[in-house]
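Okay, structure first, notes after.
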Amino acid sequence: MLRLVQCLAPLLAAAVAMLAIPCHAADVPRGPRFESYVTVDYAGRSMAVANSTVWSLFGPVDREGFRLKLDGLVGVSGETNAGVFSNDFFAQRLGSGGSFSAGYQANRGPLWVKAYVGAAYATKVERRSDYGHVAWDADQLEQNMLFGVTASIDAWWRVADRIWTSANASYSQVGNTASLYGRAAYEFHRDDAIRLSLGAEGSISSYAESYVLGNAAGEKETYAKAGALLNLRYGANDISLSGGGVSASEEKDYRAYVTLSFGRKF
């Protein structure tokens, strides 16, 4: 009997270990660790494409924890009111930028708040004069690059069973730029597969218009927009379509805009 127990002991130990592994794994939070959004914004004479990707280091992105965020942006604007896709469009300014930030997400019931601090850069290439709409000659271009610190706060709040709202406030030393964006929506349809929301959005930003010798300079400009929002969520996907009017301090007239955003958790 003693020899039988001695022979079976290693097998019993292995069995206990195998049973313990699932129990230990069950304690580890499961779920997507990344979320990424691509946004295309079109406003007639200007267009921009932005990307934002967030990595949750130690748990799913819908739980509290530390975050790393990488943002990127490219854009173009014309010197006339001709649309970007028009044959008459002639680019006056090309710009790009990006940032890398670290932060933390705190969940308080229906309220989620993310705070980030990081470093940012921006580049701008602008034609000094039109010269009869000739090609972009190197000696007629003004090119600049700036670096600085950036900080932002994101908030998402489910106000009621079918009402939700979100907001973002950010500041960057690059161009001394500050911006505020908010939206609110009502879920008019939801089932086991999809959720449809209808609402409104608005934003305002201010920035230094000119770069001179590597430093932000020139008059302060403002840019504001407001419009309607349609949001679709299914599974790990989040799609938003919005449109409305744009007002810029450097322009006399309002312009229409349309924005399409696609996000996914993975």
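I'm a student and want to see the number: the projected area of the Cα convex hull of segment 165-206, averaged over all directions, in nm².
Details: hull surface 14.8 nm².
Convex hull of Cα atoms, orientation-averaged projection: 3.7 nm².
N168 to V38: FRET efficiency via 1/(1 + (r/R0)^6), r the Cβ-Cβ distance, R0 22 Å, to the nearest 0.05? Working shown, then result.
Values: r = 16 Å, r/R0 = 0.75.
Approximately 0.85, to the nearest 0.05.
Taking the Cβ of Y257 as the centre, find all other residues whose Cβ is under 12 Å away and add up their charges (Lys, Arg: +1; Asp, Glu: -1). Could you put the intermediate results ahead of the total?
On the way: positive: R45, K225, R255; negative: D41, E201.
That works out to +1.
Computed from the coordinates by the stated procedures, all read-outs in this text should not be read as laboratory data. This is a predicted model, so every value here is computed, not measured. Positions of Cβ are generated from backbone atoms using ideal geometry, with glycine treated the same way; all protein chains shown enter the neighbour counts.
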